[in-house]
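Below: one structure, written as structure tokens.
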Amino acid sequence: MSELTSGYSDEPKPLRAYAILTGIYATGFAGLFTAATRRSHTRLGVPSAPDFALLVVATYKLSRLLTKDWVTSFLRAPFTHFEGQLSQSEVNESPRGSGMRLAIGQLVT
């Protein structure tokens with residue numbers, strides 16, 4: 001992981017720990033979601049208006065989590081350079097590299 005993330009920050013960041021914790025959380029969530037849907041025998045269908053509004057808010061929150069949160073910085077590190085801290089929970093990063101690396105960096109910042 002250090003080859004991909006070299007150049008991300010001048011200070012050491014716990015990117016590997018963030019990746020491990022995110023993996024544990026995602027695995028646990030997927031397992032609980034799968035168990036809950038199998039137990040309830042519920043099929044996903046067309047969402048109602050309130051469900052759609054909730055889906056819109058959740059999509060916005062997920063995009064902020066992926067592009068600004070500390071804990072997902074391991075995903076952005078190969079494509080961005082750490083510039084500083086915006087708030088207690090958000091980071092400021094700039095895209096780096098050229099070609100596809102730069103394009104992905106611009107997409108996630």
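Details
- Residue check for Ser73: in contact (Cβ under 8 Å) with a residue 12 or more places away in the chain, within 24 Å of Leu102 (Cβ to Cβ) and in contact with a His (Cβ under 9 Å, 6 or more places away or on another chain): no
- Of everything listed in (1) free of Cβ contacts under 8 Å to residues at least 60 places away in the same chain; (2) within 16 Å of Thr5 (Cα to Cα), the single unmet condition for Thr80 is (1).
- Selection status of Arg76, over 14 Å from the mean Cα position of the chain (by Cα) and of a type outside the set (Phe, Trp, Tyr): no
- When residues of segment 36-55 are limited to those that are surrounded by 10 or more Cβ atoms within 10 Å (Cβ to Cβ) and modelled with pLDDT of 90 or more, the one farthest from Gly105 (Cα to Cα): Asp51
- Count of segment 59-78 residues which are loosely packed, with under 13 Cβ neighbours inside 10 Å and assigned to a loop (DSSP other than H, G, I, E, B): 0
- Subset of segment 79-109 that is in a strand (DSSP E or B) and charged (D, E, K, R) - its residue that is surrounded by the most Cβ atoms within 10 Å (Cβ to Cβ): Glu93
- Matching residues in segment 7-35 - criterion: being in a loop (DSSP other than H, G, I, E, B) and either in contact with a Gly (Cβ under 7 Å, 6 or more places away or on another chain) or on the phi < 0 side of the Ramachandran plot (or both): Tyr8, Ser9, Asp10, Glu11, Pro12, Lys13, Pro14
The values are calculated or read from the model by the stated rules, or taken from the named source; none is laboratory data. The shown structure was predicted, so the numbers you read here are calculated from the model rather than taken from an experiment. Every residue, glycine as well, gets a Cβ built from its backbone with ideal geometry; the counts of neighbours run over all protein chains shown.
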